[in-house]
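The values are calculated or read from the model by the stated rules, or taken from the named source; none is laboratory data. Please read these numbers as outputs of a predicted model, since none were measured by experiment. Please note: Cβ atoms are built from the backbone with ideal geometry, for glycine as well, and neighbour counts cover all protein chains shown. Accessible surface is based on the protein model in full, side chains and every heavy atom, while ligands, DNA and RNA are left aside. Shrake-Rupley method; radii C 1.70, N 1.55, O 1.52, S 1.80 Å.
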Amino acid sequence: MSVPCVAVPREQGEAVRQALSSAGVLDGTHRIVVEEATIYLPITDPPSVPEEYADAVTERELPEQEPQRTPADLLGYDPTYERLGDIVILDEDGPDRAREIANAVVDSDIPVRTVLNRASKIRGELRVRDWEVLVSPDDIGASNPYSSPTETVHREYGYEFLLDVDEVYFSPRLATERHRVLETVEPGEHVFDMFAGVGPFAIPAADRWAEVVACDLNERAIDYLRENARRNGVSDRVTAIHGDVREVATDWEGWAERIFMNLPHSAGEFLDTAIALAGEECLLHYYDIQHEDDPFGPGRQAIREAAGEAYDVRVETEHVVRSYAPHELNVCLDVRLVER
């Protein structure tokens, strides 16, 4: 029987699946099918598919899905959790509820090796947090090919990223946003990632044959970035630098044709450095968190003040990435700087 589905390149499958699931249109009664380079994801309501995937809606015969046990089936309510590789992450204040959800995750059909609960907010310059290990590989007799229970491989749009959530910052929620801006990278571009982490911007940019310089203050993040560049076959196009980007920038002034500034809350403090890095023409991806009443105004003003008389500032896109907190939005301004 033909059913409506979204057909996209295979490497986009997981990110698109997450987007369809978040939109409430992923059909769990039929199987996802991969055929050669295309993945077919069944949907329940084509008109409600996110706009960016509307042109990919088609129909295809897909087999019915065998029922799988979810944590919600076992608990009687729908718990909130996040998956990062084979780690499931909770954000529960109550220890009893956290333990109850962890047990349900393990007893469900979700492939899992470790269950963590957030034990602190993101803290410090390295943007890491504390974790409570609710379930470790040893607890469930799972094999552990990694160096710690908090290390995993996350796959996104065909790339894989080895990381340890105890040592580095990484958000799988930004997969669709990363894909949005990375699709515009051109071969031969000079790309500077000012806060690179383990490489989710840098590595796909290099895979599009850009020349990438990636900097991070967290030495372990740079270690993972170099390993991830090797895993994804782009080591020859990625220069990974450990250090404060304000100090690193002196060696790359006027070099960049594209700059990623994914450090919401603090990116404005580094705009002078971004201006120093920018070449004659440069596309700046500036991430910010602001109140919903004026989510883009403060960023526009800060960029124009930093550019001064040196650059014309042309805002090409003002994009809401996601809701961050009540009445606060995580946004991106795609801004073209053109030297006067």
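Express the carbon and sulfur contribution to the solvent-accessible surface of segment 108-261 as a percent, rounded to the nearest whole number, probe 1.4 angstrom.
On the way: 2900 of 6480 Å².
Ligands and nucleic acids excluded, carbon and sulfur reach 45 percent.
Work from the charge dipole of segment 121-254 (Cβ charges, +1 for Lys and Arg, -1 for Asp and Glu, about the Cα centre) and give the residue of LEU162, LEU174, VAL133 farthest towards its positive end.
The residue sitting most towards the positive pole is LEU174.
Through the Karplus equation 6.51 cos²θ - 1.76 cosθ + 1.60, θ set to phi - 60°, convert the phi angles of segment 130-139 into ³J(HN,Hα) values in whole Hz; use x for Gly and Pro.
In residue order, the calculated couplings are 8, 10, 9, 7, 7, 9, 10, x, 5, 5 Hz.
Which angle between 0 and 90 degrees, to the nearest 10, do you get for helix 219-231 versus the longest principal axis of the chain when only C-alpha atoms count?
For helix 219-231, the angle is close to 70 degrees.
Just how large is the dipole of segment 136-280 about the Cα centre, in debye to the nearest 20, putting +1 at every Lys and Arg Cβ and -1 at every Asp and Glu Cβ?
Rounded to the nearest 20 debye, it is 400 debye.
Any chance you could run the full-extension gain for SER2 through THR58? It's 0.36 nm times the residue separation minus the Cα-Cα distance, nm to one decimal.
That works out to 19.2 nm of additional length.
What residues have an amide H closer than 5 Å to that of LEU284, excluding those fewer than 5 places away on the same chain, when H is modeled at 1.01 Å from N in the peptide plane?
ILE259, VAL335, ARG336, LEU337
Please identify which residues in segment 307-327 have an amide N closer than 17 Å to a label point set 7 Å out from the Cα of ARG246, following the Cα→Cβ vector.
Backbone N within reach: 307.
What is the distance in Å between the Cα centres of segment 253-295 and segment 1-72?
35
Can you give the extra length, in nm with one decimal, that the chain gains between SER148 and LEU74 once fully stretched, where that is 0.36 nm per residue apart less the Cα-Cα distance?
23.8 nm
Using Cα pairs closer than 8 Å and at least 6 residues apart in sequence, work out the relative contact order for segment 94-170, in percent. If you can, show how the numbers build up before the last one.
Numbers: 89 pairs, mean separation 18.8, N = 77.
About 24 percent, as a whole number.
What is the log10 of I(q)/I(0) for segment 222-340, computed with the Debye formula using one identical point scatterer on each Cα and no solvent, at q = 0.18, 0.20 Å⁻¹?
-0.98, -1.10
Suppose all protein chains stay in the model; what accessible area per residue would a 1.4 Å probe give for segment 122-216, in Å²?
Details: 3790 Å² over 95 residues.
Ligands and nucleic acids excluded, the result is 40 Å² per residue.
Which value, in debye to the nearest 20, describes the size of the charge dipole of the chain about its Cα centre when Lys and Arg Cβ atoms bear +1, Asp and Glu Cβ atoms bear -1, and nothing else is charged?
I would put it at about 280 debye.
Which of the trypsin sites (Lys or Arg not before Pro) across segment 5-45 are loop residues per DSSP, with 15 or fewer other Cβ within 10 Å?
ARG31
So for segment 49-107, taking the charge dipole from beta-carbon charges (+1 Lys/Arg, -1 Asp/Glu), which of THR80, LEU62, ILE101 sits furthest toward the positive end?
Value computed over the given set: ILE101.
What nm value, rounded to one decimal, do you get for the distance between GLU318 and ARG336 when each label is placed 7 Å out toward the C-beta?
According to this spin-label approximation, the distance is 1.8 nm.
Taking the 0 to 90 degree range and rounding to the nearest ten, how far is the long axis of helix 95-107 tilted relative to the main principal axis of the chain, both from C-alpha atoms?
70
Note the full-extension length gain between ARG129 and SER22 as 0.36 nm times their separation in residues minus their Cα-Cα distance, in nm to one decimal.
Length difference between fully extended and current span is 36.0 nm.
Within the accessible area of segment 46-103, what % is carbon and sulfur when the probe is 1.4 Å and the other protein chains stay in place?
The nonpolar share, carbon plus sulfur, comes to 41 percent.
As a test of the formula, what do you get for the chain when each DSSP H run with n ≥ 4 contributes -39,500 (n - 2.57) and the sum is divided by the residue count, at 222 nm and rounded to the nearest 500 deg cm²/dmol?
One gets -6500 deg cm²/dmol as the mean residue ellipticity at 222 nm.
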